[in-house]
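Beneath this line is the structure, given in structure tokens, with notes to follow.
Nothing in this text is a laboratory measurement; each read-out follows from the coordinates by a stated rule. Small disclaimer: the values here were computed from a predicted structure and weren't measured. Cβ placement follows ideal geometry from the backbone for every residue including glycine, while neighbour counts extend to all protein chains displayed.
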Amino acid sequence: MAAKSLKRLRYRLEYVLVCLLQRLFVGLGWKRARWLGGVLGQWVSYLLPSKRQVADRNLGMIFPQWNAKERRQMVNRVWRNLGFTAAECFSASPFGREEVLSKVCFERMELLDSLFRKQQGVLIHYGHYANWELAAWGLTRRGVPLAAIVRRVGNPWLDGWVNSIRKKHGLTVWKTSEMPYPAIRWLRQGKCLVVLMDQNTSKGELVPFLGRPAHTTTLTALLSLKFSIPILPAHGWRDDGKLVVTFDEPICYARQREDFYQDVLLLTEELNRYLERCILKRPEEWLWIHNRWKPR
């Protein structure tokens, strides 16, 4: 009982701290909030040495030519980016449509519009680069019916708080445990589902990612091949205090083999290669602190 009480107390304190930070960053305004977030991101990293170690190990595997100093500098830049992301989300949490759209710029939006005109669902292939949350809010504020699959936050108070902000901005969210039936119904209604498949998953398949086998979700490939749903890849990056999101040509992968499972794996590999290209362009904006190559 004592352990449960302490856990509940910790959850409440974390929730209160986050709410106070939200008020602080909202009050600071966008530019000052981003500056402070970048500074705090690097400071906080030293309070979480295990996360710094994960990032350093990941970078060492993918960039073996880098020495310890180069990896340390990149880890600092990664944490600075995460500080930007947190500050931007705090600052933008009360924004309306025009304010959100003033912070997000979309390129080649006509690719998504053309798929919508065909009245078919769309799978948006994205990753954890730059500010993935703000990218989703920008799409929903443009009138795109968008849903996302999210992981549950360990603290239930924070989990509810985060999802309430997502829903305020028009994003429909489902937990990974609810898949795949809500996604199938959603896509059949001609709506968009964004899947961020660059994180480790216990239910995935071992597929090459940045040159190393990684457990990867096959959900995007399964839905696309099973229901003939186009995949629209996209990636985002930071540019002068704003987020730029660009769409690339749709992936319409036709079944090539009698073995459906092999087609799923081949398509998943292709999707991973797209993520790799985006990450390697701007490695400082990807989520290296995540244990992507975690063994089972």
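Details
- Helix runs (DSSP H) in the chain reaching 27 Å along axis by Cα, Kyte-Doolittle at least -1.0: 2-28, 68-92, 260-281
- Values of log10 I(q)/I(0), in the order q = 0.19, 0.24, 0.25, 0.32 Å⁻¹, for the stretch 170-217 under a Debye, Cα-only, solvent-free model: -0.72, -0.93, -0.96, -1.21
- Rg/Rh for the chain, where both radii come from Cα atoms and Rh is the Kirkwood radius: 0.96
- Hull-based mean projected area of the stretch 129-229, where the convex hull spans the alpha carbons, in square nanometres: 7.3
- Taking label points 7 Å from Cα along the Cα-to-Cβ direction, Arg185 and Glu270 give a separation of 3.0 nm.
- Pairs beyond 25 Å (Cα-Cα), from Lys167/Lys203; Lys103/Lys168; Lys7/Lys51: Lys167/Lys203
- Per-residue Cβ neighbour counts within 10 Å put Trp293, Trp286, Trp43 in the sequence Trp43, Trp293, Trp286, beginning with the fewest.
- Placing pseudo-labels 7 Å out from each Cα toward the beta carbon at Lys175 and His290 gives an inter-label distance of 1.9 nm.
- With only Cα atoms counted, the stretch 1-141 has Rg and Dmax values of 19.1, 58 Å.
- Pairwise FRET efficiency - Phe63 versus Leu6, Cβ, R0 = 51 Å, nearest 0.05: 0.80
- Thr268, Thr218 arranged by Cβ crowding within 10 Å, fewest neighbours leading: Thr218, Thr268
- Each residue in Met74, Met109 was given a count of other beta-carbon atoms within 10 angstrom of its own, and listing them fewest first yields Met109, Met74.
- Debye equation applied to the C-alpha atoms of the stretch 31-88, log10 I(q)/I(0) at 0.25 Å⁻¹: -0.91
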